[in-house]
Amino acid sequence: MNLNNTSITQRLIISSLISLLMVSFAVLIVIRSLFYVESTLKTETSRHVSELIVNSEISRRVFALTSRVKLLEQTFLYSETVLSEEAFNIDFQLQRLRDLSTNQDFSYQIDAFIDNFHRFLGSSLALNRILKQTKTIDATLADQLNALEVAVAASKLEHLGEEEVTIYNNELDIIAMLRESFLMVGKMLGDIHSRITPETEKVLLIEAEKELDILQLHLENVDISTTEVRTQKIAIKRTLERYHATLRKIRANLDQRWIVMAALVQAQAGLLEMVESTESRVQEQTLQLTTQLEDVITESRFNAIIISLLAFLFSVLLVNHVVSRHIQKPLDDLKDGFDRLVSHGTKRPIDLGRSDEWGHIENAYNNMAARLSEAYQAITEEKKNFDFLAHHDPLTRLANRLLATKELRNQIADSKENGTKFLLLYLDIDEFKTINDSLGHAAGDNLLVNVAEKLTRLIGDSGFVARMGGDEFMILIPNTHLEQGKLIAQRINKAIKQPYYIEKSTIFVSTSIGICEFPDHGHDGETLIRNADTAMYYAKRNGRDSYRIYTDEMTTEVNDIIETNRGLNHAVRRDELTVFFQPKVNLASGNIVGAEALVRWQHPKLGLLPPSAFMEVAEKSDLVVDIDKWVFSKVARLVTEWKNAGIDTSSILISVNFSARMFYMTDLAEQLQKILDKTDCEPSQLILEITERDMMRDFETCVRTIETLHAKGYKIAIDDFGTGYSSLSVLKNLSADYIKLDRSFIKDVHSSSSDYEITKAILQLANVLDLSVVAEGAETRPHVDTLRQLGCASAQGYYFAKPLPVDGWLDYLEENQRKASQSDFIRLKSVT
């Protein structure tokens, strides 16, 4: 007989045949205890594993559904069909999730989530319908404005022949202002689609209502009393009342949406808390099962020992041998396995080395341990995923604003405790919006990833890097002083200022950095971030691609800039801008060959302001595009007026400066053509100027834009040449017509050998590349003589004339042309 294959029952039967009847009774008790252990293991293991599997599945589905609901909330402007289909799919999954568990509390939680989701869906559908109503009202209002314009024009034509009737010419201008206000309202409603924050939505709605009020004021200024005009004004007023009512609906709906989303987040938190609660309950039950089995085994052992003591000594020894070898050791191994499973959650199997009943128990335990360990690992991974997504930016994988704020609070607490300092660097990418607008958001995202990788490599383990949103990043560097911070900022500027090859395009970017030191520049996180952001803004205002350390004076200056920006918005709408012209003179003949149009602001309180007082502020927003368009339109109208007045401008080319945002607009040529179609100005009479620095931000796009503008007839000039990043290989492939030599080279060209040689080399290079050169900043006679000696074709500067108002420019042009005619007459007479 093979003893290894002998069951415990057989061993005890053999012993009972030798021992007394009492030993047999003891064996029966032991067998009953073992059977109870095995059945309990099978039953409880199956139940616990089932609960863990259900719990893991619930966790996975909750995460997937909340992600889909979040995506649905972010893109609520689907068509109703798409929105309804997606909502039906989510609702169906929620119902399936509800049926997955029999837990009553979980059912209550999922019911609350479903109820809030239904409220969210209803709010989204209602908002879509309201927005459709606004489109209908927009169309109606547009038609009514057209009808009003026709009625006003008809009224003017009707009274045109009457001598005693005074003709007012401002009604059509009012119509234009009505249209402008109408378009502004549509743009503001379109901006609501970005859904940034509730406060932003409220501000946009308030601005839209204000713009509607302005439109109504303009409407009241239409002072024509014909029946048709009055009828159209009444119709427009009614439409405006509908518009106001629709805006109130939108506000109420958006307020309700944020309340519903807060309830959704709370319901989601309740679901996740329920998942964690279930996991804890299963662990507690596992511990209770272990205790229960230990109690049963202890009781069985105690009974066997008591009965054995009453038997013969041989029976006691025999039973003791059976129990210690065939029961105690396997039970200890099983208990150790349970302890490891409870304390570490690992699936380390036990090996009892038995093929009897203990072999079945061993298999049951190992299977249970494996399934429990897998379930624990799945739940742990789900927790890690939730935590990572909550604290990291999904695009760059850097810490997000939430984690950065926590890290900043911890750093402040640590520095206060240890009496140390740390630096906070706040930076963003210069002209990032221009890249997004010209190449698309995919290219912008690619650029952000590249910048994040460079910052991570540069800072390494010495600091903390986070993406705060958009193109803004924050860096914390502990135990560092300002002098070290300057070196770090310089390295960052140098590392970022490299070419990036994205979407088959070469992009040059730079970054502006603001630096704050704790505790000198703030004692809390909010103050430090705000002051660093202010210093960053100051770096942008002073040329970009640099860093600035915060000072208290910066806050005062930024407040002034905000006021300037607000006033500049009003200036564009109220036509407070004006254009001055600075002549360009042929150095050989002294004749005027062109002029540069320079914008000025006729401030109602401060008087005439130069571009340096407001253009840097405008360049931080889309307002610079409005100013560029205004200047271009103004120049085109003036050229038309000069033609109609008989002024000879056939040999005069007018230069108009364009910002990077304007120049990189994909439909730039079309927009310019729409402006010229309203005038008699031709593209061949205009030179479009863009700075060398802006040109190199996206060279490939710049080349395509220049080719398109050339095809239309425009000429292109590279402004501030010599101060950017261009190389000879870039310059030879750029089909520009002019380069404008920066005034920094002209300032000392007559006295500095290096400036003289640089200017000479640029002129020779321009001659090889067939480019005309205009020297800027010619302010003295030595400047002009030196430039003429070097062979420079033309120049502009205070030596010839300061920027002149329109009347002064025309007088200067007339005087120059008169002198030229006299010189030609004298020259002709001397020849004859």
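The values are calculated or read from the model by the stated rules, or taken from the named source; none is laboratory data. This is a predicted model, so every value here is computed, not measured. All Cβ positions, even for glycine, are placed from backbone atoms using ideal geometry, and neighbour counts span all protein chains on display.
Per-structure values
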{"read-out": "Any hit, segment 398-409, residues being surrounded by fewer than 18 Cβ atoms within 10 Å (Cβ to Cβ) and without any contact (Cβ under 8 Å) to a residue 40 or more places away in the chain", "value": "yes"}
{"read-out": "Qualifying residue in segment 457-472 (condition: small (G, A, S) and under 25 Å from Y664 (Cα atoms))", "value": "yes"}
{"read-out": "Residue list for segment 423-473, restricted to those being out of contact with any strand residue (DSSP E or B) (no Cβ under 7 Å at 6 or more places or on another chain) and assigned to a strand (DSSP E or B)", "value": "G469"}
{"read-out": "Hits in segment 514-535 (condition: closer than 13 Å to M554 by Cα and outside any strand (DSSP E or B))", "value": "H521, R530, N531, A532, D533, T534, A535"}
{"read-out": "Residue under evaluation S462, criteria (1) closer than 30 Å to L623 by Cα; (2) surrounded by fewer than 21 Cβ atoms within 10 Å (Cβ to Cβ), criterion not met", "value": "(1)"}
{"read-out": "Condition met for I110 (at pLDDT 70 or above, buried (at least 18 other Cβ atoms within 10 Å of the Cβ), outside any loop (DSSP other than H, G, I, E, B) and in contact with a Lys or Arg (Cβ under 7 Å, 6 or more places away or on another chain))", "value": "yes"}
{"read-out": "Among the candidates L528, L577, L568, residue that is over 29 Å from L408 (Cβ atoms), crowded, with 22+ Cβ neighbours inside 10 Å and not small (G, A, S)", "value": "L568"}
{"read-out": "One residue from A369, A364 being buried (at least 20 other Cβ atoms within 10 Å of the Cβ), of a type in the set (G, A, S), touching a Leu at 6+ places or on another chain (Cβ under 8 Å) and at pLDDT 70 or above", "value": "A369"}
{"read-out": "Residues (assigned to a helix (DSSP H, G or I), farther than 20 Å from Y798 by Cα and of a type in the set (S, T, N, Q)) located in segment 735-784", "value": "S753, S754, Q764, N767"}
{"read-out": "Failed item in (1) buried (at least 21 other Cβ atoms within 10 Å of the Cβ); (2) more than 26 Å from I412 (Cα to Cα), with E563 passing the rest", "value": "(1)"}
{"read-out": "Residue count, segment 383-404 (criterion: in a loop (DSSP other than H, G, I, E, B) and touching a strand residue (DSSP E or B) at 6+ places or on another chain (Cβ under 8 Å))", "value": "5"}
{"read-out": "Matching entry among L341, L287, L293 (being modelled with pLDDT of 70 or more, of a type in the set (A, V, I, L, M, F, W, C) and assigned to a helix (DSSP H, G or I))", "value": "L287"}
{"read-out": "Some residue of segment 540-557 being touching a Phe, Trp or Tyr at 6+ places or on another chain (Cβ under 6 Å) and closer than 28 Å to E407 by Cβ", "value": "yes"}
{"read-out": "Residue within segment 660-675 that is crowded, with 20+ Cβ neighbours inside 10 Å, within 14 Å of A736 (Cβ to Cβ) and hydrophobic (A, V, I, L, M, F, W, C) present", "value": "yes"}
{"read-out": "Selection status of L189, under 17 Å from A139 (Cβ atoms), assigned by TED's automatic domain parsing to the domain that holds L157 and at pLDDT 80 or above", "value": "no"}
{"read-out": "Any hit, segment 708-717, residues being part of a loop (DSSP other than H, G, I, E, B), in contact (Cβ under 8 Å) with a residue 24 or more places away in the chain and in contact with a Pro (Cβ under 6 Å, 6 or more places away or on another chain)", "value": "yes"}
{"read-out": "Positions within segment 663-683 being touching a helix residue (DSSP H, G or I) at 6+ places or on another chain (Cβ under 9 Å) and either assigned by TED's automatic domain parsing to the domain that holds E503 or not in a loop (DSSP other than H, G, I, E, B) (or both), in sequence order", "value": "F663, L668, A669, Q671, L672, Q673, I675, L676, P683"}
{"read-out": "Helices (runs of 4 or more DSSP H) lying entirely in segment 545-657 (those with 3 or more residues that are out of contact with any helix residue (DSSP H, G or I) (no Cβ under 9 Å at 6 or more places or on another chain))", "value": "552-573, 623-644"}
{"read-out": "Hits in segment 669-707 (condition: aliphatic (A, V, I, L, M) and free of Cβ contacts under 8 Å to residues at least 60 places away in the same chain)", "value": "A669, L672, I675, L676, L686, L688, I690, M695, V703, I706"}
{"read-out": "Hits in segment 200-232 - residues which are of a type in the set (V, I, T) and either at pLDDT below 80 or assigned to a helix (DSSP H, G or I) (or both)", "value": "T200, V203, I206, I214, V222, I224, T227, V229, T231"}
{"read-out": "Residue in segment 249-265 that is at pLDDT 70 or above, of a type in the set (A, V, I, L, M) and in contact with a Ser or Thr (Cβ under 6 Å, 6 or more places away or on another chain) present", "value": "yes"}
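Table: residues versus (1) within 23 Å of L183 (Cα to Cα); (2) touching a strand residue (DSSP E or B) at 6+ places or on another chain (Cβ under 8 Å); (3) of a type in the set (A, V, I, L, M).
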site	(1), (2), (3)
I214	yes, no, yes
I224	no, no, yes
R242	yes, no, no
K249	yes, no, no
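Conditions (1) free of Cβ contacts under 8 Å to residues at least 12 places away in the same chain; (2) surrounded by 13 or more Cβ atoms within 10 Å (Cβ to Cβ); (3) of a type outside the set (F, W, Y); (4) part of a helix (DSSP H, G or I), marked per residue:
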site: L487; (1), (2), (3), (4): yes, no, yes, yes
site: Y501; (1), (2), (3), (4): yes, no, no, no
site: T506; (1), (2), (3), (4): no, yes, yes, no
site: S512; (1), (2), (3), (4): no, yes, yes, no
